[in-house]
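Participant: Right, I'll just put the structure down here and ask away after.
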Amino acid sequence: MKKLILATCLILSSLAHSGEIVLSDTVYSYGETFAQGDFQINESLGRAWVQLTYYPADPEANSILERKQIKGLSFDATSQEVFLETETGRIVCAYQKTGLFRIKTIRPTGNCLFKKSLYRVSRDNGYEIETITKQKVTLNF
């Protein structure tokens, strides 16, 4: 019975997030840590991208912003949705909402999640084999 429940949970979790797009895969310097990802749009052109925010080790320094274009990510001005066109269909990642004083904000739907992972790899630097830590940021959908 426990195996059946575990198998069902694994199947459901794989359906919930069936894809992954690597946004960044760099050597992890203890100075720059991925903090968050946001969806940004150009409403008039129907374009969308993600903006990654990294925090430096120095608390006095400004955060580092990086824009990333993703193939298939667009903005639909009619439905006010940021969507990702995939092989399996259209996934709505966020929507634009007009609030108080006509201020527009982008609200994520939870269908597209940003994930950070740290992992270690060995590499030959020309003098010795060293182990380094890498930071990978992905968009999971």
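Nothing in this text is a laboratory measurement; each read-out follows from the coordinates by a stated rule. The shown structure was predicted, so the numbers you read here are calculated from the model rather than taken from an experiment. For neighbour counting, all protein chains shown are included, and Cβ atoms are generated from backbone atoms with ideal geometry for every residue, glycine included.
Participant: Inside the stretch 115-139, can you point out the residues that are out of contact with any Phe, Trp or Tyr (no Cβ under 8 Å at 6 or more places or on another chain) and closer than 30 Å to VAL92 by Cβ?
Facilitator: Hits for the stretch 115-139 are LYS115, SER117.
Participant: Now for a separate question. Against the condition under 21 Å from the mean Cα position of the chain (by Cα) and either more than 14 Å from GLY46 (Cα to Cα) or among the aliphatic types (A, V, I, L, M) (or both), how does GLY72 come out, does it pass? Outline the logic, then answer.
Facilitator: Numbers: under 21 Å from the mean Cα position of the chain (by Cα): yes; either more than 14 Å from GLY46 (Cα to Cα) or among the aliphatic types (A, V, I, L, M) (or both): no.
When the stated conditions are applied, GLY72 does not pass them.
Participant: Just to confirm my filter: which strands (runs of 3 or more DSSP E) fall fully inside the stretch 79-141 and include at least 2 residues that are among the basic types (Lys, Arg)?
Facilitator: Numbers: elements: 81-86, 89-98, 104-108, 113-124, 129-140.
Correct list: 89-98, 104-108, 113-124, 129-140.
Participant: Still on this structure, please answer the following. Which residue is surrounded by the fewest Cβ atoms within 10 Å (Cβ to Cβ), if the candidates are limited to the stretch 37-70 and must be in contact (Cβ under 8 Å) with a residue 40 or more places away in the chain and assigned to a loop (DSSP other than H, G, I, E, B)?
Facilitator: So, considering only residues that are in contact (Cβ under 8 Å) with a residue 40 or more places away in the chain and assigned to a loop (DSSP other than H, G, I, E, B), the one surrounded by the fewest Cβ atoms within 10 Å (Cβ to Cβ) is GLU43.
Participant: Listed residues THR109, THR131, THR138, THR88; which is loosely packed, with under 10 Cβ neighbours inside 10 Å and either touching a residue at least 40 places away in the same chain (Cβ under 8 Å) or closer than 16 Å to ASP38 by Cβ (or both)?
Facilitator: THR88
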